[in-house]
Each structure stands twice: as structure tokens, then as C-alpha cells.
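Trainee: To start, I am sharing the structure in question, which I have written as C-alpha cells.
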Amino acid sequence: MRKTIVVLLAAICAVLIWFTSASAYKVFRADWRLPQTPLQESAEYRLVLITQELETPFWDKVGAGAREEAAKHGAMLEIWGSYNNDADEFLKKLEIAIHSRMDGIIVQGLDTDAFKELVKYKAASYGIPVITVANDVPDSLRRTYVGSDQFEAGRTIARQLAADMGQEGTVILLRDNGNAYYQEQRLDGIRSILEAYPGIELQYAETQGSREQVIAAMQDLMNHSPDVQAFIAANANLTAAMVQEIGRRSRVKPYHIYSFDDSPDTLTLLREGLIDGIIEQSPEEMGRISTALMIDWLEGRQIPLKTSGYHTEIRLRKAEDAP
Amino acid sequence: MNRIQNKILVLTGIVLFIMAAIWLTLTYYSRQTQEQYNDILQRYLRMNEVTGASQQTITDLNNYLIRPTPEHYEQLEQSKERLRRAKYDVFALRNGDNDFDLTSYTNLIDSLLETANRSMMFQAQMDTEDSNQAFNEATRISRSISDMTLTLLDTELKTYDRFYRGIIERSTELNKLGIWLLRTITFLLLIFAYWFALSITRPVQKLTQAAKELSRGRFDQEIEVSSNDEIAFLAKMFERMRVNINNLITEIQQKAQLEHELQQNKLLLQESRYRSLQSQIHPHFLFNTLDTLSKKAYLEGAEETSDLLASVAGLLRYNLRRLDRSVTLYEEVRVLRQYMDIQSARFADRLRFVEEIDESCLYVQIPGLTLQPIVENAVIHAVEPMEDGGTIVFRIAEDGDRIRVEIADNGPGMPEDKIERVLKGSAQETEGHTTGIGIGNVVQRLRLFYGQDDIIDIESKPRSGTKVVLRLPKVRRYEADDQRTDRG
């Protein structure tokens, strides 16, 4: 009897002590200091990639390429920017990047005075190298440009148009009124090919960026020239509204419609067969090359950079190729 | 010796120690937690401080640009200093996750300070337009700083999310620990206190029990207390007292017995003296008469009658004078022979007396008139009633450290109960005895004389006789007894 009680008490004692010590272990095991993620000592350069169109497939790819390259060289790279071509926000970010004294800024070119002023004076006064990517602004004193050769892109489209449409016909060139450098380049490229075809008549339409204005401009044009056979949108942002307006009037298929830039809109239209071809660019390459050039320049390995820029590959993607 | 006071001190010490340990641990723990909270809060506060300082700088700059008084200048310089300090503080918060943002952040602060300086410089040069432009830029930078603060705080929250959750979990766990600790300590203390109380009360209980036994008069049970404190000491003393009392009582009992024996001895002596006085009427007259009769008989030629009368006179003299002192066995045997002469004359051939005596044994001391009453008893019971008489055998022989004296007859024997009564000394029959001394008196005197119980034995079988055996020690146990008897 007495033995049973002693064993029982000892058991209770052991259980209590076990639970207490387990609890105490949990309480006192914890580390008292804040967890420190170690600093990367090798990260010499802070780079930033700024775009107006965050989280679009194109810029995601650019970003991915840039990150990959930065990681390879042990540089820190952040991707900043604005959504939906919000120019004000974009410029603000650029200004912050300059004020934050980044080691290098890779930026999507914006052909406005404000942008030029920031790059020309402010960035220069802080001694920050700027590389434009995808869209060029040559007179902004950027170090160099990495992206597609827009002139060549225009020529490619024009060649395809001539091949598809034949020697004669009316072509409407829809452009926005921003007079952006890359748009001019594209138009120059188109023009340089089509000059050789006297039978092809070029009509220019200029519009503001918004959807309503594009539709209005299209209506106006198509009223004036009912026999139009082909459309080229010099800016991918205009394509969707343009195709929609054409579709409202008649069947879309018979028209030859071309666009630049593989934005999600244009890709969908291409897949549906509503447009005949777009120019496909190499965004990952742009990110990679621009970052690599920036680091090279910072390390003084590649001085001077080519002012004309480093062109990445472009391909024409036709409706037939679309999956 | 482990004293009760020490025990209590130890118990109190243990309790105190446990409590102090818990208190210290908890204090340490809460200090650590507080420091941790302080660290965390500090991080947030420092970041917030940057925002505040930058906004203050902008406000002061604005004031200064509107009214460039020395007072405003002083204020502006102060807030710039504050911003600079905030910058250093915040720079210390760098880690792998916020390295990029934090570097940008500090650079922004530098830019703000620079722009503010530029604005002041232009103001000093009266270049209002440039000054305003710089001010606007500073304002924008300040706003960016505010934005960046939010971003940094956000990063902070993400980085330390798990850590903060860990803190919360730990505080829950601490509550649990408190409850478990309470249970364990309560349990342990209860057991310990029980055990401790038992270690004090159990010896006390034993002692109480022992005291109860003593008070009931049982002194023969040993008191045992197996602890090592004052109680054990007390128990030991108590035990010694018990043993002493026990010894004293035994001594007293022995003394009382001796006293009793002495008393009886005295009584017996008085009785026999009384009896002898009874038969002492005119002893000289009787002796002289017997002597005269003896000589007369001798002169008349009756020699046998003369001898008989001489024996009677000797027997009487011995009987009267030697009762209260020890004599040798030799004297006893002589008297016995005189007695047997008289009895032979009386019974003629009916009485046959056989002697087998080892003469070397006759030196031992023996109370007077012991053998005669026994033989007389045999004569009375075994010879007198028998028509054709009987035989009495008298033997003295050495038997180890004792002398063996046998008186045997071939009479009808004695019944068991009578033997018993005689041996107990309670038989007081004296009928028919010449000396007035019965066998019961002899038995008691022998025992008193030797201080031993196994002196006399009676063997008897119905119809085949009785044998009285005396086994006398060669050396007496109480020599003192003898002297006392002499004096008495």
C-alpha cells in the first residue's frame, strides 16, 4: 500500500516536472536578439529599373532579365515605376531615384521635357549614369540605349505589309500625338520602305492616347477613305481601340492590320486572328544587356558606351504563327 | 545531531531559495522582454523620427525663407541637426532585407539637407526664384522621405513578422509555465512539508507511547526512536531512566523477599523455642532423676536399662540445647543412634535399623534436630502401625559437591498430595513427635539454612515405602545466616 502511494507520488512528481521543464524550455529557448539578415558586403552597386508599366508581361520579362544579371554581378537591383503609363508617378520615382543617389538608373525612356530635364541636369548633377531601355530618348544625354531598333522595326512591318497587300492600296498609319522618339523612328522606317512603292498611299492619323479619341479619329479617317486596305498602329496602346472601331463598321478579317509591341492586348488580338502581325521584341535581353552595360560602365570596363545604343533582336510575329 | 530548529531552517531555506530563483528568473525574463520591446519600438520610433525631423526642417526652412531672422535661422539649424542625428540613428538599423531601401533613405536625407542648404544659399544671394525652386524640391524630397518611411516600416513588419509572432507565442507560453510551476511547487512543498512534519511527530508519538507504557507500570519494554534530533536525545534519556527504574524495582523486590524469609525464619525459631520451653519443665530435676535412675539400674545389675536411661537423658539434653544452632552431621548421627536405641528397646525385633554411613562426610554443618524428626516420622508411619514391623535404612554418601542423606522405610508410602504439602512446608502435624518438631518444620528450616529449594526430596510408592533424600551442600551459601542464628 505504502509502496503504491510512493510510486504514485513519484509518477505525479515526474509528470509535473516534465511539463514544467518543457514549458520553461519553450519560454527560455527563444533568441532575445532581433534576427539579423546578414548584409551583403559584395553588393557594391545599387541599381534601379524604372518603368511606366509595372506588372505587364513585357516589363516583367525586362525586370527578370535585369535581376538575373544583377544577381550574377552581386549588385542590388530594385524595380520601381508607375502603373498604366502614369507619367507623373513615373517621373516622381525617377526623381526619388536620383535623390536617393542610386549608382545607376535604367529607365524606360519618356520623350517629355520633364524627363529630359531630370536626366540631363539632375541626374548629371548627382553624377548618376542613366541608361534608357526599350524606348529611347536620344537627346536626353543618357549614356546609352538598350532595346529594339525601332527604325528597323518600322521597315520590317512595311516589308510585310507590302508582301501581304501587294503593290497598291491605302494604308492608314495611326500614331499618337506625343511625337515620341521611338514612334518617329518607326514611322521613318515604314516610310523608307513604302517610298519604293508608288502605288501605296500613306495616310497619317494623329490622336491623343485615350480610347474615345482613338475611336473618333478612326471614324473620321474611315469616312474620308472608305477604300482603305491596311492599318498600322505605331503604338501598341492604340491597337485595341483601333481594332474595335474597325470591327464595329465591318468585318475585320479582310483588312491588313499591323502593330508594334507584344502587349497582352495585341497578343490576344493576334491569337484571334484580328490583326495580321506584330513586332516581337526581346525584353529579357534588354534587361540583361542594360544591367550588364551599366555595371561594366560603373566598373570602368566599357568607356565610352555607344551613344547610338545596343539593339536587341526583333521578330515579326504573324497571325499564322500564333498558337 | 540534526536539531528540529535546523530542520525548520532548512525547509524555510529551500522554500525561500525556490521563490528567489523563480523571482530572479522572471525578473530576468521580463527585463529581456522589455529590452526586446524597446529595441523593436526604437526601430519604429527612429524611422518615424526621420519623417518628423524632415517635415520640421521643411517648416523651418519655409519660415526662414519668408522671414530670414536669426531666430528662424537658429531653428532651422537645429532641425537640420536633428535630421542629421536621425539619419545616423536610422542607419544603424541596416540589415540584409532593408539595405537597399535604407541606403536610399539616408541618401534622400542627404539630398534634402543639401537642397535645403541650396535654398538658403540662393536666399542669401537674393535669388528668390531659384530659392523657391530648391524649396519645392526639398518639399518633394521630404514627401518622398515620408513615403519611404512607410515602405521601410512595411518591410520591417514583413521581416520581423515571425519574430513578433514568436513573442506573442512566448507570452502565452509564459502563462502556461506559471500555472505548471504553481502546480509543481505546490505538490512538492506539500510532500516535503508532510515528510518533514512526520519526521518530527513520529518520534514524539513513539515517545508518547513509551511514556504511556511506563505509566502503566511496564518497565520491561525498550524505547527505540530512530531519528537524530532532540526527540531522539529525549528518548535516550527516557530509556536510561526506564532501565534505572527497572533495576531499582528488581532490587527492592529482592530485598522484600529476603525480608520475608527472615521474618519466617524468626517465626519458626520462636515457635520451636516456645515448644521447647513447654517441654522444659524442671529439666534439671528430670536430668538428675534420669541419671539417678540410670545409676540405680546399673547398681541393680540392669545394665541395659541404665544405658537406655542415659540415652533418653542425652536425647533430652540435645533436644533442649541445640535446636537454634547448627551442628555437624556427626552430632546429628550420634543423637539419631541414641534415639534408635530407645526405639529398638521399645519395638524389639519389629524395628530393623540399617546404617550405611560414609564417615568422611560427617563434617558438614546442618541445622540441629533435622534427621531425628524425619526418622521419627518413618517410625510413626512405617513401623508403629505394622504388625510385623518395618525396616528403616539410613545412608550417608558423597554425591558430587553435596552429601546425600537417605532415610528409607518399607511402609505403606505417602499419598502424592501429602508429599506436596510437606515439600511446600505447609504440613504442620506434630502428633506423636517426641521433640514436638514436625517434618514441615524441618523442611523449612533446611531451606532457610541453605537458601536453596532443592535440599529435600521425597520419593514414595504406595505399599513399597517412602524415601526421604537430603542433598546437603558441602559449602553453605549464606554463612552469615549461621551467625545470625547463633546470636538469635
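Coordinate-derived values only; no laboratory data. Quantities reported herein were computed from a predicted structural model and do not represent experimental measurements. Note that each Cβ is placed from the backbone with ideal geometry, even for glycine, and that neighbours are counted across all protein chains shown.
Trainee: Kindly identify region A:150-280 as rounded, prolate or oblate by the Cα gyration tensor criterion: order the square roots of the eigenvalues as a ≥ b ≥ c, call it rounded if a/c is under 1.5, otherwise compare a/b with b/c, prolate if a/b is larger, else oblate. Could you put the intermediate results ahead of the total?
Mentor: On the way: a/c = 1.24, a/b = 1.12, b/c = 1.11.
Rounded.
Trainee: Rounded to the nearest 5, what % of the DSSP beta bridges within chain B are antiparallel ones?
Mentor: Values: 24 of 31 bridges.
Roughly 75 percent of the DSSP beta bridges within chain B come out antiparallel.
Trainee: So which lysines pass the test for B:Lys424, namely a Cα distance under 29 Å, with those fewer than 8 places away in the same chain ruled out?
Mentor: Cα-Cα hits under 29 Å: B:Lys255, B:Lys266, B:Lys461, B:Lys467, B:Lys474.
Trainee: Taking H as built 1.01 Å from N, whose amide H comes closer than 5 Å to the amide H of B:Arg325, not counting residues under 5 places away?
Mentor: B:Gly368
Trainee: In a shell of Cβ-Cβ distance under 13 Å around B:Ile8, excluding B:Ile8 itself, what net charge do Lys and Arg (+1) and Asp and Glu (-1) give? Before the final figure, lay out the partial values.
Mentor: Working: positive: B:Arg3, B:Lys7; negative: B:Asp229, B:Glu230.
Counting the neighbours of B:Ile8, the net charge comes to 0.
Trainee: Could you tell me the extents of region B:202-336's C-alpha atoms along the three principal axes, largest first, rounded to whole Å?
Mentor: The Cα atoms of region B:202-336 stretch 100, 27, 15 Å along their principal axes.
Trainee: Another one. In chain B, which longest range has no GluC sites (Glu not before Pro) that are both DSSP loop (not H, G, I, E or B) and surrounded by at most 12 other Cβ atoms within 10 Å?
Mentor: Numbers: sites that count: B:Glu222, B:Glu224, B:Glu300, B:Glu387, B:Glu431.
Longest run free of exposed loop sites: B:1-221.
Trainee: Taking every pair of alpha-carbon atoms in chain B, give the share separated by more than 33 Å as a whole percent. If you can, show how the numbers build up before the last one.
Mentor: Numbers: 82153 of 118828 pairs.
Across chain B, Cα pairs with separations above 33 Å total 69 percent.
Trainee: Output ³J(HN,Hα) for region A:53-69: one whole-Hz value per residue in order, computed from phi by the Karplus curve 6.51 cos²θ - 1.76 cosθ + 1.60 with θ = phi - 60°, and x for Gly and Pro.
Mentor: For region A:53-69, the Karplus-derived couplings read 10, 5, 6, 9, x, 4, 6, 4, 5, 4, x, 4, x, 5, 4, 4, 5 Hz, x marking Gly and Pro.
Trainee: In percent, what relative contact order does chain A have, based on Cα pairs under 8 Å that are 6 or more apart in sequence?
Mentor: Numbers: 573 pairs, mean separation 59.7, N = 323.
The normalised contact order for chain A reaches 18 percent.
Trainee: For region B:95-142, what Kirkwood radius comes out of the mean inverse Cα-Cα distance, in Å? Kindly include the intermediate steps, with their values, before the conclusion.
Mentor: Details: mean 1/r = 0.0879 Å⁻¹.
Result for region B:95-142 stands at 11.4 Å.
Trainee: Between B:Glu129 and B:Glu71, what's the calculated FRET efficiency when r is the beta-carbon distance and R0 is 22 Å? Round to 0.05.
Mentor: Approximately 0.30, to the nearest 0.05.
Trainee: On to the next question. Name the most mobile residue of A:Leu49, A:Leu94, A:Leu34, meaning the one with the largest mean-square fluctuation, in a Gaussian network model of chain A with Cα contacts below 10 Å.
Mentor: Largest GNM mean-square fluctuation: A:Leu34.
Trainee: For region A:150-280, what is the relative contact order in percent, using Cα pairs closer than 8 Å and at least 6 residues apart in sequence?
Mentor: Values: 233 pairs, mean separation 35.1, N = 131.
It rounds to 27 percent for region A:150-280.
Trainee: Same structure again: Have a look at A:Arg301, A:Arg155, A:Arg186 and tell me which one the Gaussian network model of chain A (Cα, springs below 10 Å) gives the largest fluctuation.
Mentor: Largest GNM mean-square fluctuation: A:Arg301.
Trainee: When Cβ neighbours within 10 Å are restricted to other protein chains, what is their mean count per residue of peptide A:5-16? Please report the intermediate quantities before stating the final value.
Mentor: Working: counts 0, 0, 0, 0, 4, 1, 0, 4, 4, 0, 3, 8.
For this peptide, the per-residue mean of nearby foreign Cβ atoms is 2.
Trainee: For region B:58-138, which trypsin sites (Lys or Arg not before Pro) are in a loop by DSSP, counting at most 13 other Cβ atoms within 10 Å?
Mentor: Details: sites: B:Lys80, B:Arg82, B:Arg84, B:Arg85, B:Lys87, B:Arg94, B:Arg118; in loops: B:Arg94.
Filter output for region B:58-138: empty list.
Trainee: Connecting C-alpha atoms closer than 10 Å in a GNM of chain A, tell me which of A:Ala216, A:Ala64, A:Ala14 has the biggest fluctuation.
Mentor: Comparing A:Ala216, A:Ala64, A:Ala14 in the GNM, the peak value goes to A:Ala14.
Trainee: Shifting gears a bit: Figure the gain on full extension for B:Lys296 and B:Leu45 (residue separation times 0.36 nm, minus the Cα-Cα span) and round it to one decimal in nm. Mind dumping the intermediate values first?
Mentor: Details: separation 251, 0.36 × 251 = 90.36 nm, distance 16.11 nm.
Gain in length upon complete extension: 74.3 nm.
Trainee: Amide H neighbours of A:Glu280 under 5 Å, counting only residues 5+ apart in sequence or on other chains, H built in-plane at 1.01 Å?
Mentor: A:Arg315, A:Leu316, A:Arg317
Trainee: Sticking with this structure for a sec: How big is the Cα convex hull of region A:24-123 in projection, averaged over all directions, in nm²? Before the final figure, lay out the partial values.
Mentor: Details: hull surface 37.9 nm².
That works out to 9.5 nm², a quarter of the Cα hull's surface.
Trainee: Cross-link partners among lysines for A:Lys93, C-alpha distance below 24 Å, same-chain residues fewer than 8 apart left out?
Mentor: Of all the lysines, those that pass the test against A:Lys93 - Cα under 24 Å, at least 8 places apart if same chain - are A:Lys61, A:Lys116, A:Lys120, A:Lys122, B:Lys87, B:Lys158.
Trainee: What does the convex hull of the alpha-carbon atoms of region B:68-180 project to on average, in nm²?
Mentor: Values: hull surface 38.7 nm².
Mean shadow area of the hull around the Cα atoms is 9.7 nm².
Trainee: Indicate, rounded to the nearest 5 percent, the antiparallel portion of the DSSP beta bridges found entirely in the protein assembly as shown.
Mentor: Details: 28 of 73 bridges.
Antiparallel: roughly 40 percent of the beta bridges in the protein assembly as shown.
Trainee: A follow-up question, please. Find the all-direction average of the projected area of the Cα convex hull for the protein assembly as shown, expressing the result in square nanometres with one decimal place.
Mentor: Numbers: hull surface 320.0 nm².
Averaged projected hull area, Cα only: 80.0 nm².
Trainee: Name the residues whose placed amide hydrogens come within less than 5 Å of the amide hydrogen of A:His256, ignoring near sequence neighbours (fewer than 5 apart) on the same chain.
Mentor: Amide H neighbours of A:His256, under 5 Å, 5+ apart: A:Ala230, A:Phe231.
Trainee: Round to the nearest 0.05 the FRET efficiency obtained for A:Tyr204 and A:Arg248 when R0 = 22 Å and r is the Cβ-Cβ distance. All intermediate terms of the calculation are to be shown ahead of the outcome.
Mentor: Details: r = 22 Å, r/R0 = 1.00.
Rounded to the nearest 0.05, the efficiency is 0.50.
Trainee: Let me see the pair-distance distribution of chain A: every alpha carbon pair, 20 Å bin width, integer percents in order.
Mentor: Cα pair-distance distribution for chain A, in percent: 28, 43, 15, 8, 5, 1.
Trainee: Let me confirm one metric for peptide A:240-249, namely the mean number of other chain beta-carbon atoms within 10 Å of its residues' beta-carbons.
Mentor: Counting Cβ atoms of other protein chains within 10 Å of each residue's Cβ and averaging gives 0.
Trainee: What whole-number distance in Å separates the alpha-carbon centres of region B:438-459 and region B:118-145?
Mentor: 148
Trainee: In whole angstrom, and with the biggest value first, how far do the Cα coordinates of region B:4-159 range along each principal axis?
Mentor: Between the extreme Cα coordinates on each principal axis of region B:4-159 lie 96, 36, 16 Å.
Trainee: I'd like the Kirkwood hydrodynamic radius of region B:138-213, using the inverse of the mean 1/r over distinct C-alpha pairs, in Å. Intermediate values should be presented prior to the final figure.
Mentor: Working: mean 1/r = 0.0539 Å⁻¹.
After inverting the pairwise mean of 1/r, the radius is 18.6 Å.
Trainee: Working from Cα positions, state the angle (0 to 90°, nearest 10) between the long axis of helix B:439-450 and the longest principal axis of chain B.
Mentor: So the inclination is approximately 50 degrees.
Trainee: DSSP beta bridges in chain A, what fraction antiparallel, as a percent rounded to 5?
Mentor: Working: 4 of 42 bridges.
Given both bridge residues lie in chain A, the antiparallel proportion sits at roughly 10 percent.
Trainee: On a full-extension model of 0.36 nm per residue, what is the gain between B:Lys212 and B:Thr151, subtracting their alpha-carbon distance, rounded to one decimal in nm? Present the calculation step by step, with values, prior to reporting the outcome.
Mentor: Values: separation 61, 0.36 × 61 = 21.96 nm, distance 8.86 nm.
Result for the pair: 13.1 nm of gain on full extension.
Trainee: Evaluate 2.2 N^0.38 Å with N set to the residue count of region A:118-169, then give the Cα radius of gyration divided by it.
Mentor: Values: Rg = 17.4 Å, N = 52, 2.2 N^0.38 = 9.9 Å.
Region A:118-169 yields a ratio of 1.76.
Trainee: May I ask for the distance between the Cα centers of region B:178-234 and region B:25-95, given as a whole number of Å?
Mentor: 69
Trainee: Shifting gears a bit: How high is the relative contact order of chain B, in percent, with contacts defined as C-alpha pairs under 8 Å that are six or more residues apart?
Mentor: Values: 501 pairs, mean separation 44.3, N = 488.
RCO, chain B: 9 percent.
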